[in-house]
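Contents: one structure, followed by commentary.
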Amino acid sequence: FDKLKEGLSKARDNFFGGIKTLFAGRTLDDEVLEELEEILIMSDMGYETANKILTELKIRYKKDEVEDPLILLRDIMTENLEKENFEENPNKKPYVIFVVGVNGSGKTTTIAKISKKYVSAGKSVVLAAADTFRAAAIEQLKHWGNKVGATVIAHEHGSDAAAVVYDSLAHAKAKNKDVVIIDTAGRLHTKSNLMEELKKIKRVIEKEIPGGSDETILVLDGTTGQNGIQQALAFKEAVDITSVVVTKLDGTAKGGIAFSINNQLNIPIKMIGVGEREDDLQMFEPKNYVNALLG
Ligand code: GDP
């Protein structure tokens, strides 16, 4: 929790921390509510989500005769982040995780972290280097594979990404591997091509694995705000995202994007990144997140 709190210090100091001061010794009158609305919208929460939270706060404040509105707000904010994460199925073989997101969002960091978790649990992991667009991405994945002890399946730079995925799944099936994690390209400037490429990979997975991928994770840079939400919608439409990893929350004075992801996109958050070190990527806990934000 201390690491999370330290990582979210910018967001707390700039926006959310102000709520405590705003509420101190006051009742929830129109003036307070208006200022609260401003804070929530400025925090990247999005207008719709901010209003949803405010409306709930007003109704429950009256109905429950609440003494401390801050406690109620904590509860409501937490509830607005809670979304059931599907159960991982540890017995499914191979368990396939498809990872998408734009370049620089933190995909490699996320893949490294997830593969490490599985390897530490004694599972065999295959990494599919399906970002064939950037030579550096293939090298980076090989480096991580070596470091954590995962097999990396890679083709030449510029080759067909879907073929890499096909080979990785074939390898995993032939060698009875536990987990396959698929890294993908994230070139933003030619977005439509990227989405077609991802759809093609999805088709390959569905053909080779009954029921398709077990998880499709979108890695999203938390500093991109409402733009990031638009980006996420494009990915969601192309490949059906099952959960989001929000990175770089230490680099934003806002932090409300987590609420938008849950409410506007209707996708659960799996992990959050609050720094560049390896252990700065944590499993997402709504209650801790809200408490770290509000202080
Ligand atoms: P990729 O291009 O999507 O594979 O992204 P990388 O995993 O290579 O990450 C891009 C950069 O963002 C690297 O310099 C990472 O160290 C940095 N990064 C990733 N996650 C975080 C985070 O939570 N906080 C901060 N401050 N930096 C991060």
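The values are calculated or read from the model by the stated rules, or taken from the named source; none is laboratory data. Everything numeric in this text was worked out from a predicted model, so none of it was measured. Using ideal geometry, Cβ is built from the backbone for each residue, glycine included, and neighbour counts are taken over all protein chains shown. Note: areas computed on protein heavy atoms with side chains; ligands, DNA, RNA excluded. Shrake-Rupley method; radii C 1.70, N 1.55, O 1.52, S 1.80 Å.
The value given for region 1-145 is a Kirkwood hydrodynamic radius of 19.2 Å, derived from the mean inverse Cα-Cα separation. Got the relative contact order for region 169-295 handy, in percent, Cα pairs under 8 Å and 6 or more residues apart? Rounded, it is 17 percent for region 169-295. Here the contact order of region 173-240, divided by its residue count and restricted to Cα pairs under 8 Å and six or more residues apart, works out to 29 percent. All other residues whose Cβ lies under 12 angstrom from that of ALA11 are scored, Lys and Arg at +1 and Asp and Glu at -1, for a net of +1.
Other residues whose C-beta falls under 15 angstrom from the C-beta of GLY222 contribute a net charge of +1, scoring Lys and Arg +1 and Asp and Glu -1.
Taken per residue, the accessible surface of region 1-149 reaches 52 Å², heavy atoms only and a 1.4 Å probe. Other residues whose C-beta falls under 10 angstrom from the C-beta of LYS92 contribute a net charge of -2, scoring Lys and Arg +1 and Asp and Glu -1. A straight line joining the Cα centroids of region 187-241 and region 93-112 runs 11 Å.
Dividing the mean sequence gap of close Cα pairs (under 8 Å, 6+ apart) by how many residues the chain holds gives a relative contact order of 28 percent. Between GLU35, GLU156, GLU87, the GNM of the chain built on Cα springs shorter than 10 angstrom shows GLU87 fluctuating the most.
Going highest first, how would you order 126-133, 202-209, 182-189 by mean Cβ packing within 10 Å?
The packing order, highest mean first, is 126-133, 182-189, 202-209.
Out of PRO210, GLN282, HIS157, whose Cα points farthest toward the positive end of the dipole of region 139-295 (charges: +1 Lys, Arg; -1 Asp, Glu; placed on Cβ)? The residue sitting most towards the positive pole is PRO210. Within the accessible area of region 1-71, the carbon and sulfur atoms contribute 49%, probe 1.4 Å, all protein chains present.
Roll a 1.4 angstrom probe over the protein heavy atoms and tell me the percent of accessible area of region 170-295 that is carbon or sulfur. That fraction is 45 percent. Remark: region 122-232 carries a charge dipole of roughly 120 debye about the Cα centre, counting +1 on each Lys and Arg Cβ and -1 on each Asp and Glu Cβ.
Let's see if you can work this out: charge +1 on each Lys and Arg Cβ, -1 on each Asp and Glu Cβ, no other charges. What is the dipole magnitude of the chain about its Cα centre, in debye to the nearest 20?
1220 debye
In the full protein context, region 155-295 carries 40 Å² of accessible surface per residue, based on a 1.4 Å probe and ignoring ligands, DNA and RNA. Remark: C-alpha extents of the chain on the principal axes read 65, 38, 32 Å, sorted largest to smallest. Put one equal scatterer on each alpha carbon of region 166-295, apply the Debye formula with no solvent term, and list log10 I(q)/I(0) at q = 0.11, 0.13, 0.17 1/Å to two decimals. Results for region 166-295 at q = 0.11, 0.13, 0.17 Å⁻¹ read -0.45, -0.62, -0.97. From the alpha carbon centroid of region 1-73 to that of region 131-174 is 45 Å.
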